[in-house]
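Structure first, commentary second.
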Amino acid sequence: MLELSIDWPGLFSAFQMNMPELKCFFCLDDGRVLKISPGDPNLEAIRKDKTRYARIEIVSSRIQYQWISEFEATLKENDTRAIIEAAINGKGAFRRFKDILLTMPEERKQWFDFRDQKMRLRICEWVR
């Protein structure tokens with residue numbers, strides 16, 4: 001079994017990267033996370049070397065939406081749950097969800113805790 005010193009903060013950042021132009025890779029030799037820009041001369045070599053580097057894909061919007069739906073189901077207050085449920089239906093759901101959470105500080109904190117837990121589980125499964 002291979003033991004690595006894994007860059008957990010780097011993985012967390014890479015899995016939620018909102019800059020599609022950057023490509024993220026996990027170095028299987030030393031656990032580093034590489035964030036490579038399109039013009040980097042090493043990009044092609046890193047991309048091809050699958051024995052040393054694993055491509056990190058961001059969590060898809062489909063999965064993120066599923067997390068939001070799961071979070072909404074955990075809310076105890078019916079009014080709050082109804083507001084969030086209405087916000088996440090249809091086009092623009094992510095923006096409306098973020099905007100609604102700005103008006104609900106307690107639920108916003110709960111969301112970030114919930115999302116961070118989901119992200120940690122996803123990253124741990126990916127590393128395995």
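The values are calculated or read from the model by the stated rules, or taken from the named source; none is laboratory data. Quantities reported herein were computed from a predicted structural model and do not represent experimental measurements. With ideal geometry, Cβ positions are generated from the backbone for all residues, glycine too; neighbour counts draw on all protein chains shown. Ligands, DNA and RNA are stripped out before the accessible areas are found, and what is left, the full protein with its side chains, is counted by its heavy atoms. Shrake-Rupley method; radii C 1.70, N 1.55, O 1.52, S 1.80 Å.
Quick notes on this one:
- Flag if Ala73 is of a type outside the set (D, E, K, R), on the phi < 0 side of the Ramachandran plot, surrounded by 12 or more Cβ atoms within 10 Å (Cβ to Cβ) and at pLDDT below 95: no
- Residue check for Lys48: open to solvent by 70 Å² or more (accessible area, probe 1.4 Å), in contact with a strand residue (DSSP E or B) (Cβ under 6 Å, 6 or more places away or on another chain) and of a type outside the set (Asp, Glu): no
- Screening Asn42, Asn78 for residues that are closer than 26 Å to Ser5 by Cα and among the polar types (S, T, N, Q) leaves exactly one candidate, Asn42.
- Pair list, Cβ < 8 Å and 6+ apart or interchain, from region 80-109 residues that are aromatic (Phe, Trp, Tyr) to residues that are open to solvent by 40 Å² or more (accessible area, probe 1.4 Å): Phe94/Ser61; Phe94/Gln64; Phe94/Tyr65
- Residue count for region 77-95 satisfying the condition of being assigned to a helix (DSSP H, G or I) and open to solvent by 80 Å² or more (accessible area, probe 1.4 Å): 4.
- Members of region 1-51 that are closer than 16 Å to Trp126 by Cα and among the basic types (Lys, Arg): Arg32, Lys50
Let's see how each residue does on (1) in contact (Cβ under 8 Å) with a residue 12 or more places away in the chain; (2) of a type outside the set (Gly, Ala, Ser):
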| site | (1), (2) |
| --- | --- |
| Trp8 | yes, yes |
| Ser13 | yes, no |
| Gln16 | yes, yes |
| Asp40 | no, yes |
| Tyr53 | yes, yes |
| Ile58 | yes, yes |
| Lys76 | no, yes |
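- Of all residues in region 27-38, those being touching a helix residue (DSSP H, G or I) at 6+ places or on another chain (Cβ under 6 Å) and without any contact (Cβ under 8 Å) to a residue 24 or more places away in the chain number 1.
- Only listed residue being modelled with pLDDT of 95 or more and outside any helix (DSSP H, G or I), chosen from Phe114, Phe25: Phe25
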